[in-house]
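One structure is given below, encoded as structure tokens.
Every number here is computed from the coordinates shown, using simple stated rules; none is lab data. Please read all numbers here as calculations on a predicted model, not as lab measurements. Glycine also receives a Cβ, built like all others from the backbone with ideal geometry; neighbour counts cover every protein chain displayed.
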């Protein structure tokens, strides 16, 4: 591994690749990308020791926009790929990024099990309550009455509450951020990376193309009035009753991360033969 | 590549063997009795095979251990059973087709458990009612299946000492339980004295070489570890679970990890993630799991991440027949991905070969940065056999990686071989993004025609140009006609080829180990001087036959013999098929 101390400090700029994002002008994801690179500079993780893993969707394009190692897999399975990577290579810093459709719909099962497994990952969901890449269909976090071509008049289905689901499933760190506050978001992501176990950061990141109404989020977002708690019951109550725009770290728990087994061989491959021998 | 592989012994003549079916309701202990019988046979210097079969219930359904013992290695089942020993008759009639009896066979059952089913009595086998349960009850702390073990062992000609030694290995902790069950085994041995007409095997003390008692699932797991696999993620599924249960502690021993995933979508992506991180990785599943994994396997093709997927095939489609065998995932394995997606498909040709073939799959996947699917099946996976210690093979997973700060590094560089050295996370100056989107040589998403064609050609070329050596198939015997098969049916075909030879019909046997990519030149060489081929396989739609006809130029008018599972292909029906085909 590279010795961090032997190097010059890494700046946020060092984590930015030269590739131009495909995002629409005004997309919240630009600022989330910037927050991620700032957060990485805060924790001083060498780019080669960081892997950004994603699935499919607008926000899932993020890995190639960094100078870190990237993994742009299939829709909904980013957490699974990241879990395998982190368990096999525990010394790497693994960030997982994606959207609400990727994480809460097609990848919903992996979200639950990533929370309860508590592998030391940082999961950043850029939630805009819409499928942007396929041009404007309702996602699990979309309001039930939001009108669209695919669901005229709205889905009529209550929206998914990712924070409380994460908490109930065992995530060790739960936070809400807002892309309109890139420095605050960077601070939260840096805390998430430092926190052991599975850290979940839900970033409200507007899609002004398909949800122009989300321009109002700027007015609605506000810092959480109280400090994070390590008591899941208190955190749950707070999350269930807040207005959905409480920004900050809402829960920071003490659960032990998923144990990384093995590593050191106790016997040789040839030793395994003994049990078959007659 | 020229790994050291022992040539197959010349055509195995059918050895004198005795076949014993131990049947009863699930939980009656027939599998334990069968396993101990096999272990005792090994101690007596014999070879043997135990095939497991059970009804759809997990507990309480019907179960049978189908054991064949002999003085030479046993790879497949015989045409009929010499002994059917039923601990009880609950639903055992459902095994009528799986346990064929002859007039010379012996049937043993407990009269207190009711009459022997008509389907068995109709075979004309002699029936010996014995009070198994009462006998066991008379020995405090003993079990009925141990009485059955004593009976079966004695009928096969295995010494009581060998049976006792097998028991001692099992009950190491409780002297009391051991003593009770030794007494039960003894009672069984005594009872066997009243039964005649079973061909007993010689117990001439053989200078047994180093022998193994192993299942195909264990052999595949061990082959994977020998090849270098250190990460496994998987979801439990019959009949692959034992492979995972064997690997979990074994991986810990050698510094690896097994992770139980939430589903097969997770397990395939987890192993892709781990392998992207540089650690050779594997998952094991069966048909329904493979179906869920196809999107992930496609990602491994596109992102060029080496992985090994062991498919322990069972009856399909859909949930199918979970605990019984069939070779019906072949078409799916060779062609079941979206897009043009070159992949490796291999099939072990015996229980022992599950080791070498899986080990080879790791080597190929790592060398070629591609997914390798290993088609085992329930017959090989869940069967246990006494085998000669397999010759060591030199296959080892070794992928081309790239050094730190290599100038102008491109992850998907269009090299001559098609293999592009891989950057491993943690290595400075060469970071890239692996992608399931079509990409440029640098790995940047691209929907341009020239990038697509370049990468399609590259991914095809690296598999097509590789020299797979002579391990691609087992080729045995001579003759101007050839029988082509794959997987677990190889054993029965080999036995049938030997029997046909005794009837004056000589044919070559070609058991294909590397199914994809197809090896037309290799097969053409193997078929030199052959005018006719017969393709034998265990599925309903002649999948191998159709695959071969689409990928190869076969001489003459290719013929097909195919039948679905779960009944094993029997040497007799195959002998008839081969002789009939050659003399028609």
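Data for the structure
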read-out: Paired Rg and Dmax values of the stretch A:172-278, which use every Cα atom, in angstrom; value: 21.6, 75
read-out: Average beta carbon contacts from partner chains per residue of B:273-286, 10 Å cutoff; value: 5
read-out: Angle in degrees between helix A:232-241 and the longest Cα principal axis of chain A, rounded to the nearest 10; value: 20 degrees
read-out: Relative counts (whole %) of C-alpha pair distances in the stretch B:315-381, using bins that are 10 Å wide; value: 20, 45, 31, 4
read-out: DSSP bridge orientation in the protein assembly as shown - percent antiparallel, rounded to nearest 5; value: 35 percent
read-out: Residue-averaged 222 nm ellipticity for chain A, from DSSP H runs of 4+ at -39500 (n - 2.57), nearest 500; value: -7500 deg cm²/dmol
read-out: Viscosity 1.306 mPa s, 10 °C: Kirkwood-radius Stokes-Einstein D of the stretch B:383-436 over Cα pairs, µm²/s; value: 110 µm²/s
read-out: Debye log10 I(q)/I(0) for chain B, one point scatterer per Cα, at q = 0.05, 0.09 Å⁻¹; value: -0.23, -0.70
read-out: Relative contact order for chain B, counting Cα pairs under 8 Å that sit 6 or more residues apart, in percent; value: 14 percent
read-out: Relative packing of B:439-446, B:16-23, which averages over residues the other C-beta atoms within 10 Å, highest first; value: B:16-23, B:439-446
read-out: Alpha carbon Rg of the stretch A:15-98, scaled by the compact-globule rule 2.2 N^0.38 Å; value: 1.03
read-out: Kirkwood-Stokes translational diffusion coefficient of the stretch B:491-549, alpha-carbon pairs, 37 °C, 0.692 mPa s, µm²/s; value: 253 µm²/s
read-out: Descending principal axes extents, the stretch B:515-584, alpha-carbon based, whole Å; value: 33, 28, 16
read-out: Inter-chain Cβ neighbour average for residues B:247-258, partner chain, 10 Å; value: 5
read-out: Chain B: calculated mean residue ellipticity at 222 nm from DSSP helix runs of at least 4, using -39500 (n - 2.57); value: -11000 deg cm²/dmol
read-out: The protein assembly as shown - Rg over Rh from alpha carbon coordinates, Kirkwood radius; value: 1.04
read-out: Simple label model, 7 Å out from Cα along Cβ direction - residue B:118 to residue B:405, nm; value: 8.6 nm
read-out: Rh (Kirkwood; distinct C-alpha pairs) - the stretch B:259-402, Å; value: 15.4 Å
read-out: Approximate spin-label separation residue B:140-residue A:11, in nm, with each point projected 7 Å along Cα-to-Cβ; value: 8.6 nm
read-out: Sorted peptide list for B:67-78, A:17-28, A:70-81, criterion being average Cβ within 10 angstrom, highest first; value: A:70-81, B:67-78, A:17-28
read-out: Bins of 10 Å from zero: percent of alpha-carbon pairs in the stretch A:3-277; value: 7, 30, 36, 18, 6, 3, 1, 0
read-out: Calculated FRET efficiency for the pair residue B:447/residue A:143, C-beta based, R₀ 30 Å, to 0.05; value: 0.35
read-out: Whether the stretch A:12-159 is rounded, prolate or oblate, judged on the alpha carbon gyration tensor where a/c under 1.5 counts as rounded; value: oblate
read-out: Chain A: most fluctuating residue of A:57, A:197, A:103 per GNM, C-alpha cutoff 10 Å; value: A:57
read-out: Peptides B:239-252, A:141-154, B:514-527 ordered by average Cβ neighbours within 10 Å, highest first; value: B:239-252, B:514-527, A:141-154
read-out: Averaged over B:213-221, number of beta-carbon atoms from partner chains that fall within 10 Å; value: 2
read-out: Relative contact order, percent, chain A [alpha-carbon distance under 8 Å, six or more residues apart]; value: 17 percent
read-out: Residue A:116-residue B:584 FRET efficiency (beta carbon distance; Förster radius 45 Å; 0.05 resolution); value: 0.10
read-out: Rounded, prolate or oblate (a/c below 1.5 giving rounded, otherwise prolate when a/b exceeds b/c) for the stretch B:395-467 by Cα gyration tensor; value: oblate
read-out: Where only C-alpha atoms are counted, convex hull volume of the stretch B:43-162 per residue in Å³; value: 123 Å³
read-out: The stretch B:147-204 shape via C-alpha gyration tensor axes, a/c threshold 1.5; value: oblate
read-out: FRET E, pair residue A:109, residue B:528, Förster distance 51 Å, beta-carbon r, rounded to 0.05; value: 0.45
read-out: Fraction in percent of alpha-carbon pairs per bin - 10 Å, the stretch B:445-530; value: 15, 35, 23, 14, 9, 3, 0
